[in-house]
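Here, each number is a calculation from the coordinates, and none is a lab measurement. A quick note: this is a predicted structure, and the numbers were derived from the prediction, not measured. Please note: Cβ atoms are built from the backbone with ideal geometry, for glycine as well, and neighbour counts cover all protein chains shown.
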Amino acid sequence: AQSVTQLGSHVSVSEGALVLLRCNYSSSVPPYLFWYVQYPNQGLQLLLKYTSAATLVKGINGFEAEFKKSETSFHLTKPSAHMSDAAEYFCAAAPNTGNQFYFGTGTSLTVIP
Amino acid sequence: EPEVTQTPSHQVTQMGQEVILRCVPISNHLYFYWYRQILGQKVEFLVSFYNNEISEKSEIFDDQFSVERPDGSNFTLKIRSTKLEDSAMYFCATLRKVNTEAFFGQGTRLTVV
């Protein structure tokens, strides 16, 4: 079965610093990959998705992620953190067959002023 | 922008009572899901629904749970006899087709007392 691992349940960065949230998937066949953000008391909002086109994917709010097949990774980055980026971030994978999304355990991002 | 609507936003129920959580999917979407998130934990898959039947379900989705789309619009999750451990945020998600972006509702916070 597909699984998604997010290293680091809590990440703190200073405002203006680089944001790096890690995600690794387990699959011999690269799945479709997604990053979702959850603000407090809200639902999940799609940040970006990888669907086997470009390996560097740009999303909303200045976030981007790079798919690296050799590392089975799909890490999320943003060059300069903003206070409004503080939220919970979930990496998710959808296999090429079947229709279920598999979520990572989430990473809580704190931005320090 | 189209959105998935869930009602109610918050429900408090006594242990042993039945609850029905409702979701109005995006109109041209064909795949429907329920996920849940226990406070502080990961988002967990419950069930997927396509063509008026369950296509996948997890171990969590036992005989106490059921889903239906009775009128072709609302997609409901019923818990027959709630337990304390059913307290969670329940998210509905819909897809137009497989391996595309899942659109999530804002969630229903279920509290079982």
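Of note, A:Leu56 satisfies the criterion of being more than 13 Å from A:Gly106 (Cα to Cα) and either away from chain B (no Cβ under 14 Å) or surrounded by fewer than 21 Cβ atoms within 10 Å (Cβ to Cβ) (or both). Among the strands (runs of 3 or more DSSP E) confined to the stretch B:1-63, the ones with at least 1 residues that are of a type in the set (S, T, N, Q) are located at B:5-7, B:10-13, B:31-37, B:43-50, B:53-57. Would it be correct to say that A:His82 is over 12 Å from the mean Cα position of the chain (by Cα) and not small (Gly, Ala, Ser)? In short, yes.
Sort through A:Glu64, A:Glu88, A:Glu71 and tell me the only one that's over 27 Å from B:Ile54 (Cβ atoms), surrounded by fewer than 16 Cβ atoms within 10 Å (Cβ to Cβ) and not aliphatic (A, V, I, L, M).
When all the criteria are applied, what remains is A:Glu71.
The single condition among (1) within 12 Å of chain A (Cβ to nearest Cβ); (2) in a strand (DSSP E or B) that B:Glu101 does not meet is (2).
Taking the criterion of being surrounded by 15 or more Cβ atoms within 10 Å (Cβ to Cβ), touching a residue at least 12 places away in the same chain (Cβ under 8 Å) and closer than 30 Å to A:His10 by Cα, would at least one residue in the stretch B:73-83 satisfy it?
No: the stretch B:73-83 contains no residue that is surrounded by 15 or more Cβ atoms within 10 Å (Cβ to Cβ), touching a residue at least 12 places away in the same chain (Cβ under 8 Å) and closer than 30 Å to A:His10 by Cα.
Against the numbered list (1) assigned to a loop (DSSP other than H, G, I, E, B); (2) farther than 19 Å from A:Ser108 by Cβ, A:Gly8 comes up short only at (2).
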